[in-house]
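Following: one structure in structure tokens, then a few remarks.
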There are 2 protein chains.
Amino acid sequence: MKAKAESGKREQASVATQPAAPAVILVRPQLGENIGFAARAMANFGLTDLRLVAPRDGWPNDKAHVAAAGAAFLVDQARVYQSVELAIGELNFVLAATARPRELVKTVLSPESAARELRERGVRAERTGVLFGPERSGLDNDTIALADAIITAPVNPDFASLSLPQAVLLFGYEWLKGESASPPLGRVTGFDGPVTEGIAFPGTRPATRAELFGLFEHLEAKLDQAGFLYPAQKRPSMVRNIRNMFHRMGASEQDIRTWRGIIASLARARQGRGGKVS
Amino acid sequence: MKAKAESGKREQASVATQPAAPAVILVRPQLGENIGFAARAMANFGLTDLRLVAPRDGWPNDKAHVAAAGAAFLVDQARVYQSVELAIGELNFVLAATARPRELVKTVLSPESAARELRERGVRAERTGVLFGPERSGLDNDTIALADAIITAPVNPDFASLSLPQAVLLFGYEWLKGESASPPLGRVTGFDGPVTEGIAFPGTRPATRAELFGLFEHLEAKLDQAGFLYPAQKRPSMVRNIRNMFHRMGASEQDIRTWRGIIASLARARQGRGGKVS
């Protein structure tokens with residue numbers, strides 16, 4: 001019963017701390033391909049609310065649908081508006097992505113800080129969104145003035161122009177990164193669980209120290225037979241260095257068996273070629 | 001003299017802590033466009049060492065040159081190799097970017113941790129690089145086995161496939177982010193200095209409290225004349241709320257002048273329409 005109650009509490013906490021994802025609002029986008037690529041970048045990072053303000057080539061747009069590939073459903077669901085004011089009408093907090101803040105008095109946030117701010121506001125049930133400008137010119141000052149703050153990414157100042165889909169990608173990446181302290185990495189399928197940072201041992205496990213010590217004894221015995229650990233006064237440091245290499249390797253149980261096979265096979269070859277040395 | 005010596009020390013420290021940027025190694029890339037987009041993403045984040053292993057459509061490739069736009073110089077400088085082994089021959093530490101670690105025992109790093117590791121190794125004068133696989137299949141296991149560790153990005157597990165240039169972009173973004181605790185944001189030109197986080201006041205400065213108090217007195221006097229701050233027992237809380245709105249605004253000196261103009265102009269209009277009320 002206690003376990004069940006706690007699990008219920010955990011679920012509730014999880015719902016409470018997973019806020020609605022921000023809307024991505026593309027203002028007067030020019031190329032259909034870029035709308036599709038932006039949708040794909042959104043899907044990569046769990047963003048689903050795509051809004052378009054006056055797309056240049058009309059709507060729907062086949063090129064957007066094709067470029068989105070597996071994220072075409074986001075393109076199909078996109079809502080189209082005649083003006084920025086209509087597109088952000090029901091939102092409580094709006095950011096504007098731009099390469100530099102122009103002549104406006106405005107708070108500047110990095111993508112990372114922006115994601116944190118949007119997440120905190122989402123937790124408080126605020127509706128949020130991010131404005132991205134047309135490819136050629138970016139957002140104009142009248143549109144930026146409608147936002148609460150500006151997002152600007154750290155870039156090489158000598159080569160600062162991000163494409164529209166790249167800007168959406170960086171924002172989405174920081175949004176997903178902020179979801180938990182150690183978000184799952186990469187692809188997850190029915191065949192493998194989520195991956196986190198650190199060393200992975202698929203289909204095997206880290207070796208135990210006893211397995212390593214067994215390997216060392218095996219190896220050192222064969223090396224003694226071969227006369228490798230010579231002269232005697234150097235033996236302790238040679239053994240220490242060899243053992244240290246194996247410890248650094250972070251060996252798996254399977255690795256230990258592989259090494260024992262290698263040692264046995266090399267020792268047999270030696271014996272085949274002429275029996276014991278020394 | 002002291003200042004000069006310190007400045008010299010700072011320069012030295014800066015050289016010592018700005019390690020060589022990692023090489024970006026595209027393994028059997030298929031589309032010239034993607035090579036160009038990857039070069040562009042490299043330039044966005046200060047990466048310059050592009051290496052290609054057996055590009056499918058041969059080399060040089062016009063489509064790569066065109067897609068790179070302003071970063072075409074990186075495409076022109078790219079070195080081409082027949083094998084991964086040759087491409088990474090002189091490197092000390094190599095990472096492999098892949099959506100999931102397959103059946104290899106290998107350390108997994110997020111792009112952020114990978115950037116930190118590469119930076120630390122670069123500071124110790126190690127040469128480093130990151131392998132990115134062909135568009136369709138990604139890196140094969142034989143190539144991944146050549147790397148010291150794997151980079152995998154946090155993505156939506158249901159839609160995990162990043163395009164080749166997007167993968168390069170995310171890595172480059174984390175590389176540049178790691179350069180300092182507060183990297184400059186966005187475009188920097190001869191006309192404006194670097195932008196950092198926080199509120200920007202281009203061409204103006206934050207208002208002083210004295211300027212705000214002057215505005216409050218002006219506004220409240222006009223509102224008293226207009227009978228707005230009524231009844232008397234509500235006046236203190238009304239004044240407090242109005243003052244609080246202005247403080248929240250983070251007003252600039254220019255904003256104060258604008259508001260004084262607005263107040264004066266509205267008050268004149270009232271007088272014009274019928275003189276003082278109350």
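The values are calculated or read from the model by the stated rules, or taken from the named source; none is laboratory data. These figures come from a predicted structure and were not determined experimentally. Cβ: placed from backbone, ideal geometry, glycine included. Neighbour counts: every protein chain shown.
Below are the figures for this structure:
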{"item": "Selection from region A:111-125 of residues that are in contact with a strand residue (DSSP E or B) (Cβ under 7 Å, 6 or more places away or on another chain) and touching a residue at least 60 places away in the same chain (Cβ under 8 Å)", "result": "A:PRO111, A:ALA114, A:LEU118, A:ARG121, A:GLY122"}
{"item": "Residue that is farthest from the other protein chains (Cβ to nearest Cβ) [pool: residues in region B:200-220 that are surrounded by 13 or more Cβ atoms within 10 Å (Cβ to Cβ) and in a helix (DSSP H, G or I)]", "result": "B:GLU220"}
{"item": "Members of region A:151-177 that are within 12 Å of A:LEU95 (Cβ to Cβ) and within 8 Å of chain B (Cβ to nearest Cβ)", "result": "A:THR152"}
{"item": "Any hit, region B:67-76, residues being more than 21 Å from the chain's Cα centre (by Cα), surrounded by fewer than 17 Cβ atoms within 10 Å (Cβ to Cβ) and among the aliphatic types (A, V, I, L, M)", "result": "no"}
{"item": "Cross-chain or 6+ apart pairs with Cβ under 6 Å, region A:97-108 first and in the same structural domain as A:LEU26 (by TED's automatic domain parsing), then among the aromatic types (Phe, Trp, Tyr) and modelled with pLDDT of 80 or more", "result": "A:ALA97/A:PHE132"}
{"item": "Residue in region B:257-276 that is loosely packed, with under 15 Cβ neighbours inside 10 Å, within 10 Å of chain A (Cβ to nearest Cβ) and modelled with pLDDT under 85 present", "result": "no"}
{"item": "Any hit, region A:57-71, residues being under 19 Å from B:PRO154 (Cβ atoms), of a type in the set (A, V, I, L, M) and assigned to a helix (DSSP H, G or I)", "result": "yes"}
{"item": "Residue selected from region A:100-111 under the condition in a loop (DSSP other than H, G, I, E, B) and among the hydrophobic types (A, V, I, L, M, F, W, C), by the criterion farthest from the other protein chains (Cβ to nearest Cβ)", "result": "A:LEU104"}
{"item": "Residue that is nearest to the other protein chains (Cβ to nearest Cβ) [pool: residues in region B:120-145 that are more than 20 Å from B:LEU164 (Cα to Cα) and in contact with a Pro (Cβ under 6 Å, 6 or more places away or on another chain)]", "result": "B:GLY122"}
{"item": "Number of positions in region B:79-99 that are part of a loop (DSSP other than H, G, I, E, B) and within 25 Å of the chain's Cα centre (by Cα)", "result": "2"}
{"item": "Residue in region A:58-71 that is in contact with a Ser or Thr (Cβ under 9 Å, 6 or more places away or on another chain), more than 10 Å from chain B (Cβ to nearest Cβ) and of a type outside the set (D, E, K, R) present", "result": "no"}
{"item": "Flag for B:ALA69 being within 24 Å of A:SER161 (Cα to Cα) and at pLDDT 95 or above", "result": "no"}
{"item": "Qualifying residue in region A:192-206 (condition: more than 30 Å from B:GLU112 (Cα to Cα), at pLDDT 75 or above and of a type in the set (Ser, Thr, Tyr))", "result": "no"}
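Table: residues versus (1) surrounded by fewer than 19 Cβ atoms within 10 Å (Cβ to Cβ); (2) touching a His at 6+ places or on another chain (Cβ under 7 Å); (3) not in a helix (DSSP H, G or I).
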{"site": "A:SER113", "(1), (2), (3)": "yes, no, no"}
{"site": "A:GLY122", "(1), (2), (3)": "no, no, no"}
{"site": "A:LEU131", "(1), (2), (3)": "no, no, yes"}
{"site": "A:SER137", "(1), (2), (3)": "yes, no, yes"}
